Amino acid sequence: MKSAKDYLEAANAEVPRLGPEEAIARHRAGGGLFIDVRDSAAIRESGTIAGALRVPRGMIEFRADPAVEAFYDPHFQKEAEIYLICGAGGQAALAGKTLREMGYAHVTNIGGFAAWKEAGGPTEAG
């Protein structure tokens, strides 16, 4: 039987992680799709990355699958550079593993929003 720790270790082994300074540099360069996978209450409380798409972890499969027309978000493109953020990095890792399994080739976990904010990353209100 698998534990949450097992799932997280597998996700972290598969999804590369990027520190906040490098992630901020990529954001400022205008490249990639930044996605906050936290729930809307957490985003309302702390804000999010400026311009980030907001897709709760529980909806990632539906928003990323063109076959699910009612929920699919066309921002999701298989060859896009995708950067995921959450509260501390765990949900971003799990969401990233899911996206990779769905055929998204360039998915990166950029960790938690607090580290982004502390490093001076651009934010917007939730």
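The values are calculated or read from the model by the stated rules, or taken from the named source; none is laboratory data. Only a predicted model underlies this, so the values are computations on that prediction, with no experimental measurement involved. Neighbour counts run over all protein chains shown; Cβ positions are idealised from the backbone, glycine included. For accessibility, only protein heavy atoms count, side chains too; no ligands or nucleic acids. Shrake-Rupley method; radii C 1.70, N 1.55, O 1.52, S 1.80 Å.
Name every residue in the stretch 64-77 that is out of contact with any Pro (no Cβ under 9 Å at 6 or more places or on another chain) and under 17 Å from THR98 (Cβ atoms), in order of residue number. Walk me through how you get there before you give the answer.
Of all residues in the stretch 64-77, those out of contact with any Pro (no Cβ under 9 Å at 6 or more places or on another chain) come to 64-65, 67-71, 73, 75, 77.
Result: ALA64, ASP65, ALA67, VAL68, PHE71, ASP73, HIS75, GLN77.
When the stretch 18-53 is examined, which residues are found to be surrounded by fewer than 19 Cβ atoms within 10 Å (Cβ to Cβ), under 21 Å from ALA80 (Cβ atoms) and among the basic types (Lys, Arg)?
ARG26, ARG28
Against the condition at pLDDT 95 or above, in contact with an Asp or Glu (Cβ under 9 Å, 6 or more places away or on another chain), open to solvent by 10 Å² or more (accessible area, probe 1.4 Å) and of a type in the set (S, T, N, Q), how does THR123 come out, does it pass?
It is false that THR123 is at pLDDT 95 or above, in contact with an Asp or Glu (Cβ under 9 Å, 6 or more places away or on another chain), open to solvent by 10 Å² or more (accessible area, probe 1.4 Å) and of a type in the set (S, T, N, Q).
Of PHE34, PHE76, which residue is in contact (Cβ under 8 Å) with a residue 24 or more places away in the chain, farther than 16 Å from TRP116 by Cα and aromatic (Phe, Trp, Tyr)? Break it down into steps so the answer makes sense when it comes.
Values: PHE34 fails: farther than 16 Å from TRP116 by Cα.
Within the list PHE34, PHE76, the selection yields PHE76.
Going by what's in this entry, would ARG100 be described as closer than 22 Å to LYS5 by Cα, out of contact with any Pro (no Cβ under 8 Å at 6 or more places or on another chain) and among the basic types (Lys, Arg)?
Answer is yes for this residue.
Check LYS97 against each of (1) under 25 Å from ALA125 (Cβ atoms); (2) crowded, with 16+ Cβ neighbours inside 10 Å; (3) among the charged types (D, E, K, R) and name the one condition it does not meet.
That leaves (1) as the condition not met.
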